[in-house]
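The values are calculated or read from the model by the stated rules, or taken from the named source; none is laboratory data. Keep in mind it's a predicted model, so treat the numbers as computed, not measured. Cβ placement follows ideal geometry from the backbone for every residue including glycine, while neighbour counts extend to all protein chains displayed.
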């Protein structure tokens with residue numbers, strides 16, 4: 001028995017250090033695991049994540065946000081119908097780095113291809129408008145439309161957050177904060193009838209909005225681990 005123990009010790013000492021270490025190496029239970037996530041916030045998303053090791057995860061996501069509303073404003077006794085719409089979608093790939101093994105704090109960054117990104121506002125009078133002794137109908141007053149279009153293109157993004165891409169348990173909750181860097185938007189400003197002079201302001205508005213190239217990321221993410 002003593003001879004057998006001596007032989008095993010000798011093997012580990014001379015040529016089996018790597019072998020012995022491999023036997024006691026503890027693997028992170030989440031390595032090689034997948035998860036599906038749903039983000040709710042300024043950039044709603046559906047994503048698929050893969051955790052390669054305890055410090056690094058890869059995420060493929062699709063962002064989609066569409067919102068339309070109509071409100072009524074009362075300006076100096078005149079009622080105006082204000083319609084607005086936001087339509088954005090993008091496909092992105094990101095890396096998430098967890099600098100601390102025992103914390104879910106993360107640094108995230110990546111790039112998205114913007115499929116659509118535009119904002120529109122339409123203002124229309126709801127009743128007659130009196131100017132001096134002259135009364136104008138809504139049709140005679142006209143309407144004006146404002147548009148902001150980011151078109152299609154590459155948009156890098158970066159941020160920080162809490163919550164693992166692949167949760168340790170079956171379900172996990174996270175938070176992400178960051179920003180997209182978009183290309184310069186194209187402004188459109190048009191008016192009809194007595195509001196047609198708004199067209200002349202388009203170039204000025206465009207110049208004032210050339211720096212509107214950032215879109216905030218403020219999301220809460222629910223993740224479900226796929227494999228055990």
Self-check item: Selected residue (only one of 153, 147 is modelled with pLDDT of 90 or more and farther than 16 Å from residue 63 by Cβ)
Solution: 147
Quiz item: Checking residue 132 against (1) farther than 29 Å from residue 219 by Cβ; (2) surrounded by fewer than 19 Cβ atoms within 10 Å (Cβ to Cβ); (3) in contact (Cβ under 8 Å) with a residue 12 or more places away in the chain, which test does it fail?
Solution: (3)
Practice problem: Output the residues belonging to the stretch 100-113 that are modelled with pLDDT of 95 or more and either in a loop (DSSP other than H, G, I, E, B) or within 20 Å of residue 155 (Cα to Cα) (or both). | Solution: 107, 108, 109, 110, 111, 112, 113
Exercise. Pick out, from the stretch 154-225, the strands (runs of 3 or more DSSP E) lying fully within it that include 2 or more residues that are within 16 Å of residue 46 (Cα to Cα) and touching a residue at least 12 places away in the same chain (Cβ under 8 Å).
Key: 171-181, 214-225
